[in-house]
Amino acid sequence: MTETLELPFWLELITAALLLIGSLFALIGAIGLLRLKDYFQRMHPPALASTIGAWCVALASIIYFSWLKDGPVLHAWLIPILLSITVPVTTLLLARAALFRKRMAKEAVPEEVSSGRDRGN
């Protein structure tokens, strides 16, 4: 038979708040993905908001399971750390690939990108 462990209310409140904040960031990223009009603009909200949301969820997990185990449970940090490394790299590579395809197809390139290249930046 499994024994249920009662958590203090303040710990449940902190965990719930972090999970709610993380889900709000994910929702903001999804709304930004739907509302922005250009591919290059649509790349930023999901990348930024999902990473911040993952940090909040991981922190809630660490707090909750550290209390249950009576010691630090830090392996949950691995997910947001890997996301923080891979998401910016993936976003950059996707942006460069899309920019390359637009240039090869002789399509209009976003103004910020074409003017930055002309200035030597």
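Bear in mind that the values in this text are calculations on the coordinates, not laboratory data. Since we're looking at a predicted model, the values are computed, not measured. Ideal geometry is used to build each Cβ from the backbone, glycine not excepted, and the neighbour counts take in all protein chains shown.
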- [ ] Would you tally the residues in the range 5-61 being of a type in the set (S, T, N, Q) and either over 16 Å from Leu94 (Cβ atoms) or outside any helix (DSSP H, G or I) (or both)?
- [x] 3
Task: Filtered residue count, the range 63-74, keeping only those that are without any contact (Cβ under 8 Å) to a residue 24 or more places away in the chain, surrounded by 11 or more Cβ atoms within 10 Å (Cβ to Cβ), part of a helix (DSSP H, G or I) and not polar (S, T, N, Q) - done: 1
